[in-house]
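First up is the structure itself, then whatever we jot down about it.
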Amino acid sequence: MRIAIAADHNGVALKAGLITWLRAQGHQVEDRGTDSDALVVDYPLLCADICRRVVDGQVDRAIMVGGSGMGETVACNKVRGIRAGLCTDLFHARISRANNDANVLVLGAKVLAAEQAREITELWLDTRFTGGPHQRRLDQIAALERGEPLG
């Protein structure tokens, strides 16, 4: 799978570990920054970059690592066509993919240990979208993005 990954200053170490692990699993990984925890960076710029790569088809999915992941989730979901899920456990990883077809995984480096983050990422990458009534809901979300009324 082609994966873009980025992190703000809080997530540099977790991102580095994930990149090594993802490449060992055979994935093609694009490191989109940041590379130092010494300077505070604005995560919306990083979110926009990886999300546009997903929407444009340059990568299959993306991973964003922040401190809590909350702001990153908000920023990613502002990009039309992105369904970003903040996953703090295996349940949320499974649901974000199976029910919501999330194409961006958001992780919080201040919330997760490295092993937890790897487990969540592995499940998230391996879980398939189940479709069915969930597709109808994704269609409604896409209509909301286009500014169309529902119902």
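For the range 57-79, taking the residues that are assigned to a helix (DSSP H, G or I) and of a type outside the set (D, E, K, R), the one that is surrounded by the most Cβ atoms within 10 Å (Cβ to Cβ) is identified as Cys76. For the residues Asp56, Asp60, Asp101, Asp8, the requirement of being within 20 Å of Leu138 (Cα to Cα), in contact with a Leu (Cβ under 7 Å, 6 or more places away or on another chain) and acidic (Asp, Glu) singles out Asp101. Residue under question is Asp49, and the condition is that it be charged (D, E, K, R) and either open to solvent by 70 Å² or more (accessible area, probe 1.4 Å) or touching a Gly at 6+ places or on another chain (Cβ under 6 Å) (or both); does it hold? Considered against the rule, which asks whether it is charged (D, E, K, R) and either open to solvent by 70 Å² or more (accessible area, probe 1.4 Å) or touching a Gly at 6+ places or on another chain (Cβ under 6 Å) (or both), Asp49 comes out as no. Tell me, yes or no, whether the range 123-140 has at least one residue that is surrounded by fewer than 15 Cβ atoms within 10 Å (Cβ to Cβ), among the aliphatic types (A, V, I, L, M) and outside any loop (DSSP other than H, G, I, E, B). No - not one qualifying residue is present in the range 123-140. Of all residues in the range 11-27, those satisfying the criterion of being crowded, with 17+ Cβ neighbours inside 10 Å and among the β-branched types (Val, Ile, Thr) are Val12, Ile19. With the structure loaded, tell me whether Val54 is outside any loop (DSSP other than H, G, I, E, B), under 18 Å from Ala13 (Cβ atoms), at pLDDT 95 or above and open to solvent by less than 80 Å² (accessible area, probe 1.4 Å) or whether it fails that test. So Val54 fails the test. Note on the range 102-122: residues that are in contact with a Gly (Cβ under 6 Å, 6 or more places away or on another chain) and assigned to a loop (DSSP other than H, G, I, E, B) total 3. Just one of the listed residues (Asp31, Asp101, Asp42, Asp37) is open to solvent by 10 Å² or more (accessible area, probe 1.4 Å) and at pLDDT below 95, and it is Asp37. For the range 7-51, filtering for residues that are part of a loop (DSSP other than H, G, I, E, B) and among the hydroxyl-bearing types (Ser, Thr, Tyr) leaves 2. Listed by first and then second residue, the pairs linking a residue in the range 124-139 that is farther than 29 Å from Gly151 by Cβ to a residue that is open to solvent by 50 Å² or more (accessible area, probe 1.4 Å) and assigned to a helix (DSSP H, G or I), with Cβ atoms under 6 Å apart and 6 or more places separating them unless they lie on different chains, are Thr127/Arg94. Any residue at all in the range 80-101 that's of a type in the set (Gly, Ala, Ser), within 21 Å of Ala7 (Cβ to Cβ), out of contact with any helix residue (DSSP H, G or I) (no Cβ under 6 Å at 6 or more places or on another chain) and not in a loop (DSSP other than H, G, I, E, B)? Checking the range 80-101: at least one residue is of a type in the set (Gly, Ala, Ser), within 21 Å of Ala7 (Cβ to Cβ), out of contact with any helix residue (DSSP H, G or I) (no Cβ under 6 Å at 6 or more places or on another chain) and not in a loop (DSSP other than H, G, I, E, B). Being out of contact with any Pro (no Cβ under 7 Å at 6 or more places or on another chain) and modelled with pLDDT of 95 or more is the requirement here; does Ala62 meet it? Criteria met by Ala62.
The values are calculated or read from the model by the stated rules, or taken from the named source; none is laboratory data. Here the structure is a predicted model, which means the values were calculated and not measured. When we count neighbours, we look across all protein chains shown, and the Cβ atoms used for this are built from the backbone with ideal geometry, even at glycine. Side chains are part of the model used for accessible areas, which takes the heavy atoms of the whole protein and leaves out ligands, DNA and RNA. Shrake-Rupley method; radii C 1.70, N 1.55, O 1.52, S 1.80 Å.
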